[in-house]
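To keep things clear, I will list the structure first and then write my remarks on it.
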Amino acid sequence: MAWQSRPFRRQTISGIIALITIFSLFPFFFQVIEKRNGIVLNDWLLNLLPPHNFSIPIFIIIYAVTLLLVIRMFQQPDIFIIMLWAYILLSIMRVTTISIVALNAPKNLVELTDPIGNLFYGRSFVTKDLFFSGHTSSLFLIFLCLQNKTDKAFAFTATFVVGFLLLFQHVHYTIDVITAPLFAFSGYLFSKKLIYDYSY
């Protein structure tokens, strides 16, 4: 079993500690950036899309893909450890880019309702966690970590659909969504380098 491997145990424990630390700091971070004033981008694509609330389908898709990931992580420990560290790196990159790129919410934003995700924000809704999209990048990261072709096709399609629905809801700028997979891919590659020589 994977847990019998000392490197696997070390990476798992340290990764979980790091993730808990990040999650515990998220509410304070988002409270700070929400009070910050940024710029409003003139997004030609958003200007063409009529705002609409797609919160329910967005989170049905997200939680369906997440459930699939959890099942596969129990079946394949290598998926778990890569996903764990890639998500940690992705979270660090997102905090960094949001800190550097100060943006105000897009025009005609429709509140995105996520009862679970909002627990990490420290308030009911945050509008300035923009560059880059956490939902899109997380789904694309799951796509990269999954190994079965059918699973990957499902996660890839979900990434595309959710990214498009987020734009329709005007909770992100186009640049937030289209760059998200690039950051996810970077986190994935760095994660694989961290653990590439571990055998389970």
Selected residue [in a loop (DSSP other than H, G, I, E, B) and among the acidic types (Asp, Glu)] from Asp78, Asp114 = Asp114
Counting only residues that are touching a residue at least 60 places away in the same chain (Cβ under 8 Å), out of contact with any Pro (no Cβ under 8 Å at 6 or more places or on another chain) and assigned to a loop (DSSP other than H, G, I, E, B), the range 148-196 contains a total of 1
Tell me, please, whether a residue that is in contact with a Phe, Trp or Tyr (Cβ under 7 Å, 6 or more places away or on another chain), assigned to a helix (DSSP H, G or I), closer than 19 Å to Leu194 by Cα and aromatic (Phe, Trp, Tyr) can be found in the range 6-17.
-> yes
In the range 1-38, the residues that are surrounded by 12 or more Cβ atoms within 10 Å (Cβ to Cβ), over 17 Å from Tyr87 (Cα atoms) and of a type in the set (S, T, N, Q) = Ser5, Gln31
Starting from residues that are modelled with pLDDT of 95 or more and of a type in the set (Phe, Trp, Tyr), keep the ones in the range 39-62 and report whichever is surrounded by the fewest Cβ atoms within 10 Å (Cβ to Cβ).
-> Trp44
State which residue is surrounded by the most Cβ atoms within 10 Å (Cβ to Cβ) when the search covers only the range 122-170 and only residues that are at pLDDT below 95 and hydroxyl-bearing (Ser, Thr, Tyr).
-> Thr127
What is the one condition in (1) over 22 Å from Phe29 (Cβ atoms); (2) touching a Phe, Trp or Tyr at 6+ places or on another chain (Cβ under 7 Å); (3) of a type in the set (D, E, K, R) that Lys107 does not satisfy?
-> (2)
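The values are calculated or read from the model by the stated rules, or taken from the named source; none is laboratory data. Everything quoted here is computed from the prediction, not taken from an experiment. Positions of Cβ are backbone-derived with ideal geometry, glycine not excepted, and every protein chain shown enters the neighbour counts.
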